[in-house]
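**Q** Please find one structure pasted underneath; my questions will follow.
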Amino acid sequence: MAIVGGALQGMEAVLLAKAAGYETVVLDRKASAPAMSLCDEPIVLDPTKDAEAALEVFKGCDAVIPACEEMDLLTTLDSIKGRMDAPLLFDLASYNISSSKNKSNNIMASVGVPLPEPWPYCGYPAIVKPASQSGSIGVTVAHNEHDLENGLQIVRGLGDEPVIQEFVHGKSVSIEVIGNGETAKSYVTTEVCLDSNYDCKMVRCNPNIMSDEECRKFADIGKDVAEAIKLNALMDVEAILTPKGLRVLEIDARIPSQTPAAIEAATGVNLLEELTTTALGKPKDRKAEEGCSIYRHVYFKDGVLRSSGEKEFGHVVKPRFEKGLFGADNTISDYENGKEEWHATLIVKGRTEQEVDQKCDACIQRILDECSIERFLDGTPEMI
């Protein structure tokens, strides 16, 4: 499998590909991209500069997946997909819709998806976010007019249009959906836990995240939106479970980071395998096991262990997969004994939520004990 992009999504794709038994080649313009040390064959190459060389690499692959969000690169890959011997696991038309919160909100509203109240009807507190960025990039909370203007300036600084909505309180949840251009299937709900910068520090996957009825509603939302945009790839839907029910924040039609690995660890369902086999016309349709998992980032610096958002984890240097490190079932880490600064993603799994909680806590405690660290700082958002 060819993975184009070696950053966060690239690391996720390599992990999932290896779990599915696929050999991996990663293409990135930077030799230092973290997924380059995880894959079977790293290739320093920018397809936007040399599409012919990229096509030569793709000749020996069964599938090609973009693990990036650079529009020029995605457009290049889409333009040459007709010359590939393998399917391109990406849908540019759907990605263009999901890349605009204004476009995607309009489509979601048209199929009855519950959305946060728009400004100015929502009042304060409100969320100010750029229309075309993903994750927490450029997102601020406005409690008053001064905060609102600051948030708008940040969005303008990104050269983007603002989206202002009600700040909804509750549990942050996500679900992945795979479509074939006509029909779509929703998969497993996960909980996304945030750090003090509203960046994802941990993903939880277990049957108790929402009620069965709420899970069915969320799955229906994902399926309805995917079929409305004629999704022919993978997307995720992010929402908040409020006391009044689900409120959908956004969709992203690309391979996400973090949540698929948590799903694979808990249930055995490998979304990259499902996406690949669907594209090849032979969906795996692996039945989900009833397990639980936690996927958690940590960061050590200046003698202190901290929980880490995915942006900070993206600075990991030449990571490796290592099973059993600090008692985790699997890790992605650049940890070395005596190193003054390092990152790790801990992946633990078990039969019950309590078991994985205890297992994850034991991993943290083992890091503190083995590395003689006195403090663990676990940041949380000011508002949630």
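**Q** For q = 0.18 Å⁻¹, what log10 I(q)/I(0) does the stretch 1-137 give under the Debye formula with an equal point scatterer on each alpha carbon and no solvent?
**A** Results for the stretch 1-137 at q = 0.18 Å⁻¹ read -0.97.
**Q** Based on alpha-carbon atoms only, what is the radius of gyration of the stretch 213-276 relative to the globular estimate 2.2 N^0.38 Å?
**A** Relative to the 2.2 N^0.38 Å estimate, the stretch 213-276 comes out at 1.17.
**Q** Could you list log10 I(q)/I(0) for the stretch 54-127 at q = 0.17, 0.19, 0.21 Å⁻¹, which the Debye formula gives when each Cα is one point scatterer?
**A** -0.74, -0.82, -0.92
**Q** Separate question: Taking only DSSP H segments of four or more residues, each worth -39500 (n - 2.57), what value at 222 nm results for the chain once the sum is divided by all its residues, to the nearest 500 deg cm²/dmol?
**A** When only DSSP H runs of four or more count, the value is -9000 deg cm²/dmol.
**Q** So if I restrict to the alpha-carbon atoms in the stretch 162-214, what is the Rg, and what is Dmax, the biggest pairwise distance, in Å?
**A** 14.0, 40
**Q** Starting from the eigenvalues of the Cα gyration tensor, five times each then square-rooted, give me the equivalent ellipsoid semi-axes of the stretch 198-245, largest first, whole Å.
**A** One finds semi-axes of 21, 16, 11 Å for the stretch 198-245.
**Q** While we're on this one: Round to a whole angstrom and tell me the spacing of the C-alpha centers of the stretch 82-131 and the stretch 147-210.
**A** 11
**Q** For the pairs LYS201/LYS287; LYS18/LYS282; LYS30/LYS223; LYS30/LYS230, note any where the Cα-Cα span goes beyond 26 Å.
**A** Checking Cα-Cα distances, LYS201/LYS287; LYS30/LYS223; LYS30/LYS230 exceed 26 Å.
**Q** Under unit Cβ charges (Lys, Arg +1; Asp, Glu -1), what dipole magnitude, rounded to 20 debye, does the stretch 2-90 have relative to its Cα centre?
**A** That gives the stretch 2-90 a dipole magnitude of about 40 debye.
**Q** Which listed residue (SER186, ASN232, THR276) has the Cα farthest towards the positive end of the charge dipole for the stretch 169-279, taking +1 on Lys and Arg C-beta and -1 on Asp and Glu C-beta about the Cα centre?
**A** Final value for the positive-end residue is SER186.
**Q** Hey, how much of the P(r) for the stretch 284-384 falls beyond 18 Å, as a percent of Cα pairs?
**A** Of all Cα-Cα distances in the stretch 284-384, 49 percent exceed 18 Å.
**Q** Another question about this same structure. Please report the projected area of the chain's Cα convex hull averaged over all directions, in nm².
**A** Mean projected area for the chain: 18.4 nm², to one decimal.
**Q** In Å, what Kirkwood hydrodynamic radius results for the stretch 117-166 from the alpha-carbon pair distances?
**A** Taking the inverse mean of 1/r over all distinct Cα pairs, the stretch 117-166 comes out at 10.4 Å.
**Q** Report the percentage of all Cα-Cα pairs in the stretch 281-335 whose separation exceeds 12 Å, rounded to a whole percent.
**A** 75
**Q** When the Cα atoms of the stretch 59-209 are enclosed in a convex hull and the volume is divided per residue, what value in Å³ results?
**A** Dividing the Cα hull volume of the stretch 59-209 by its residue count gives 157 Å³.
**Q** Select from the chain the helices, each a whole stretch of DSSP H, whose alpha-carbon atoms run 15 Å or more along the helix axis and whose Kyte-Doolittle mean is at least 0.5; answer none if there are none.
**A** 8-19
**Q** Out of the trypsin sites (Lys or Arg not before Pro) in the stretch 17-82, which ones are loop residues according to DSSP with at most 16 other C-beta atoms within 10 Å?
**A** In loop regions of the stretch 17-82 (DSSP not H, G, I, E or B), the sparsely surrounded trypsin sites (Lys or Arg not before Pro) are ARG29, LYS30, LYS49, LYS59.
**Q** Sticking with this structure for a sec: Treating the beta-carbon of each Lys and Arg as +1 and of each Asp and Glu as -1, no other charges, what is the dipole magnitude of the chain about its Cα centre, to the nearest 20 debye?
**A** Roughly 400 debye, rounded to the nearest 20.
**Q** Can you tell me, using C-alpha contacts under 8 Å and at least 6 residues apart, the relative contact order of the chain as a whole percent?
**A** It comes to 15 percent, rounded to a whole number.
**Q** Grab the alpha carbons of the stretch 325-365, take their convex hull, and tell me the volume per residue in Å³.
**A** Value for the stretch 325-365: 62 Å³ per residue.
**Q** If you wrap the stretch 107-192's Cα atoms in a convex hull and average its projection over all directions, what's the area in nm²?
**A** Projected over every direction and averaged, the Cα hull of the stretch 107-192 covers 7.0 nm².
**Q** Follow-up. Taking every Cα atom in the stretch 179-302, find the radius of gyration and the maximum pairwise distance Dmax, and write them in Å.
**A** My reading of the Cα-based Rg and Dmax gives 15.0, 52 Å.
Laboratory data are not the source of any read-out in this text; all were calculated from the coordinates shown. None of the values given here were measured: they were computed from a predicted structure. Note: ideal-geometry Cβ built from the backbone for every residue, glycine included; neighbour counts use all protein chains shown.
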